Amino acid sequence: MTAEPLLAVSELARRFNVRRHDGSRAELRAVDGVSFTIARGEVLGLVGESGSGKTTVGHLILRVLEPSAGSIRFDGVDISRLSTSALRPYRRRMQMVFQDPVSSLNPRMTIGDAIAEPLVIHRIAKSAAERREKVAELLRLVGLSADDAMRYPHAFSGGQRQRIGIARALASSPDLLIADEPVSALDVSIQAQIVNLLLDLQARLGLAMLFIAHDLAVVEHIAKRIAVMYLGRIVEIAESRTLCQRPLHPYTEALLSAVPVPDPAAKSTRKVLKGEIPSPIDPPSGCVFRNRCVYALPACAQERPALRDAGAGRLKACIRDDIL
């Protein structure tokens, strides 16, 4: 028997009631039937264009947003409908690293106080001396000095602030870390440092991680498996190397085609996506990717493809087996 995954998301959905330009009401499907699992100590990458619903998935898992449908099982317990008080022990075990290291830190708090806040909320450290010792340990863990605890966020660079955000996320000793575009707001020269830091911490602490990003090259480096998301739905899941070497979904193929390479002449013909990503208020019938897919058939407008087994542990949401 295989061990139960740490996190199992099933048919997760989030809908928002919005107002159209003409004043009528409509339903926006930000997340529409998403399912995946994360094993203990595994890194799963979640990729897709801006607006695909990746960040919303992360917020739903943490219950920052309430799901409209579906289930979120964490360590065998469905947490999707737990009360705030019943959810508290699980929130300690799930933490997020935010995209913007500037706005995620309170400019009026020293970084020592910011990192210590989870220790206070979850009653982890019993005394001020214990909190100071734990904060110093966390700062050293992410490559900063214990003396930095008395300084304010404005005194640090973007990369250093993200290290502080990571230290704060690790303060409660979580089992699952949700990293929401943690390097997209940083200079390219700093991105590799933060990715390598996360890899080192994940291996050292045995963390499971949901790494959310739009850059497949970064995700391939850090994640064991990759889930590709488009317009609120998962369209493909596979092991990182396998997915990047041989994608099975046309959308994954287009994303990989857009990844920059040192020698453009060595790359095959680029697959350019036609048109714009549809509105989640009025998604296309059938396959949501069909209006941009070069392989689309008339049947694609009639049938919404389910995420199905494609062999060798791979999943894809496409009715065609004769492409890619």
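Which numbered condition trips up Tyr152, out of (1) modelled with pLDDT of 95 or more; (2) under 18 Å from Ala185 (Cβ atoms)?
All conditions pass for Tyr152, except number (2).
Assess whether Val18 counts as being assigned to a strand (DSSP E or B) and β-branched (Val, Ile, Thr).
Answer is yes for this residue.
How many residues does the stretch 43-94 hold that are surrounded by 16 or more Cβ atoms within 10 Å (Cβ to Cβ) and part of a strand (DSSP E or B)?
Qualifying residue count, the stretch 43-94: 10.
Which one of the conditions (1) modelled with pLDDT of 95 or more; (2) in a loop (DSSP other than H, G, I, E, B); (3) in contact with a strand residue (DSSP E or B) (Cβ under 6 Å, 6 or more places away or on another chain) does Gln99 fail to meet, given that it meets all the rest?
So Gln99 meets the others, but not (1).
Restricting the first residue to the stretch 175-193 and requiring it to be over 25 Å from Ala39 (Cα atoms), which pairs with a second residue that is part of a helix (DSSP H, G or I) meet a Cβ separation below 6 Å and a spacing of at least six or different chains?
Taking only residues 6 or more apart or on different chains, the pairs are Leu186/Gly158; Leu186/Gly159; Ile190/Gly159.
The values are calculated or read from the model by the stated rules, or taken from the named source; none is laboratory data. Computed from a predicted model, the values in this text were never measured in an experiment. Backbone-built Cβ (ideal geometry, glycine too); neighbour counts: all protein chains shown.
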